[in-house]
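Asker: Before anything else, here's the structure in question.
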Amino acid sequence: MTVKSNPVCLSSRKDAERVVELFDNFLLDCDGVIWLSETLIEGVADFLRYLQLHKKNIAFVTNNSSKSRQSYVEKFRFLGIHGIEKEQIYTTGYSAVLELRKMGIHPGSKIWVLGDSGIEDELADEGYIALGGSNPLLDQPWNPKNPLLKVDPEVKAVIAGSTNDFNFMRITTTLQYLVYDNKKIPYIGTNGDRNYPGPDGLTLPAGGSIVEYMSYCSNRPYIDVGKPSKTFADVIFYDTNFDRSKSIMIGDTLSSDIKFGNDADLGNGHGTMLVLSGVTTINELEQLISPGSSSSHLHKAQGQDQALIPQFFVDSLTKFYNLLQS
């Protein structure tokens, strides 16, 4: 792995223009970068137009599996950002479907879903049959006679991800599939994120908390198809044909976005930018670089922490755009 120097704080027009000049392909996280819940972050639309004007390729890479790619297109439109195509969006629900193909699980197969409609929609788009998911029987209070507790032996895989309806019935039905037939049914997790920024300063539990919960109670690992897994990176770069050496990942989370970019060797190990508009604070970045120090001076991290260090950081895309216009 590339040994990194101190991250560069974008503080001038020259700094900002250098990033635009270095990279042709901009991979952007959504929550905490483009928007906070249902609120667009100021200046983001102008920043995206700037990239398009300068002939840059844009892809949106999110660990949120609760919405389909088409739902993301509609959300962009709702927030006033037009011209975004479904093919520019990579959700982990879509990544999970591509993993099924890779495993030789063909369209027409039954897949048990612990998650919201985004996973179900992506499965349906590709010809799979989703079970569980939004089935109203899973919204009922615990009942050991619920018919969904009986395992369907034709189910070929389990996919777990984000849901706002995580309850005991969903936990128990999913667990039956995860332990069935000596745990032979493949278990795919859409991401390992712990939390994400919500409205009004709230911190909300992310899909990884659900995926890890089911991994713990079934005592088995999962196939991670979200950031920072190399599986997700390989899918994106195969699909887009982007040159990794000319690509940068911009995100708000060190353990998923920044590690994703570093592990995928974007920008030859220098293609990562942290924005401080989401879950990560400047104090957390400083603690990573200089553990145990209260000083704001940033020093090199050692060992595995190198994968969490961004090449660049900036307050937000608002600040990035304002620097370009200064």
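The values are calculated or read from the model by the stated rules, or taken from the named source; none is laboratory data. Nothing here was measured: the structure is a model prediction, and the numbers come from that model. Note: ideal-geometry Cβ built from the backbone for every residue, glycine included; neighbour counts use all protein chains shown. Accessible surface is based on the protein model in full, side chains and every heavy atom, while ligands, DNA and RNA are left aside. Shrake-Rupley method; radii C 1.70, N 1.55, O 1.52, S 1.80 Å.
Asker: Give the number of residues within the stretch 303-326 that are under 19 Å from LEU288 (Cβ atoms) and not in a strand (DSSP E or B).
Answerer: 10
Asker: Collect the residues in the stretch 141-165 that are in a loop (DSSP other than H, G, I, E, B) and open to solvent by less than 70 Å² (accessible area, probe 1.4 Å), keeping them in residue-number order.
Answerer: Hits for the stretch 141-165 are ASN143, ASN146, VAL151, ASP152, GLY161, SER162, THR163.
Asker: Take the conditions open to solvent by less than 10 Å² (accessible area, probe 1.4 Å) and not β-branched (Val, Ile, Thr) and apply them to PHE47. Does it pass?
Answerer: yes
Asker: Please go through the stretch 1-55 and give me each residue that is assigned to a strand (DSSP E or B) and free of Cβ contacts under 8 Å to residues at least 60 places away in the same chain, ordered by number.
Answerer: Residues satisfying the conditions are TRP35, LEU40.
Asker: Right, here's the next one. Which residue is nearest to the chain's Cα centre (by Cα), if the candidates are limited to the stretch 92-119 and must be without any contact (Cβ under 8 Å) to a residue 40 or more places away in the chain and buried (at least 23 other Cβ atoms within 10 Å of the Cβ)?
Answerer: The extreme case among them is TYR94.
Asker: Still on this structure, I have one more. How many of the residues making up the stretch 166-181 are open to solvent by 30 Å² or more (accessible area, probe 1.4 Å) and either within 22 Å of GLU212 (Cβ to Cβ) or not assigned by the TED database to the domain that holds ILE210 (or both)?
Answerer: 7
Asker: Just one of the numbered conditions (1) buried (at least 24 other Cβ atoms within 10 Å of the Cβ); (2) touching a Ser or Thr at 6+ places or on another chain (Cβ under 7 Å) is not true of ILE250; which one?
Answerer: (2)
Asker: Let me ask another. Within the stretch 117-130, how many residues turn out to be outside any helix (DSSP H, G or I) and out of contact with any helix residue (DSSP H, G or I) (no Cβ under 9 Å at 6 or more places or on another chain)?
Answerer: The qualifying residues number 1.
Asker: Which one of GLY83, GLY133 is on the phi > 0 side of the Ramachandran plot, in contact with a helix residue (DSSP H, G or I) (Cβ under 9 Å, 6 or more places away or on another chain) and open to solvent by less than 10 Å² (accessible area, probe 1.4 Å)?
Answerer: GLY133
Asker: With THR62, THR39 as the choices, which residue is of a type outside the set (A, V, I, L, M, F, W, C) and surrounded by fewer than 16 Cβ atoms within 10 Å (Cβ to Cβ)?
Answerer: Answer to the check: THR39.
Asker: I need the full set of residues from the stretch 193-249 which are in contact (Cβ under 8 Å) with a residue 12 or more places away in the chain and of a type in the set (Phe, Trp, Tyr), in order please.
Answerer: TYR196, TYR213, TYR222, PHE232, PHE237, PHE242
Asker: Within the stretch 205-217, identify whether any single residue is under 17 Å from the mean Cα position of the chain (by Cα), β-branched (Val, Ile, Thr) and open to solvent by less than 60 Å² (accessible area, probe 1.4 Å), and answer yes or no.
Answerer: Yes: the stretch 205-217 contains one or more residues that are under 17 Å from the mean Cα position of the chain (by Cα), β-branched (Val, Ile, Thr) and open to solvent by less than 60 Å² (accessible area, probe 1.4 Å).
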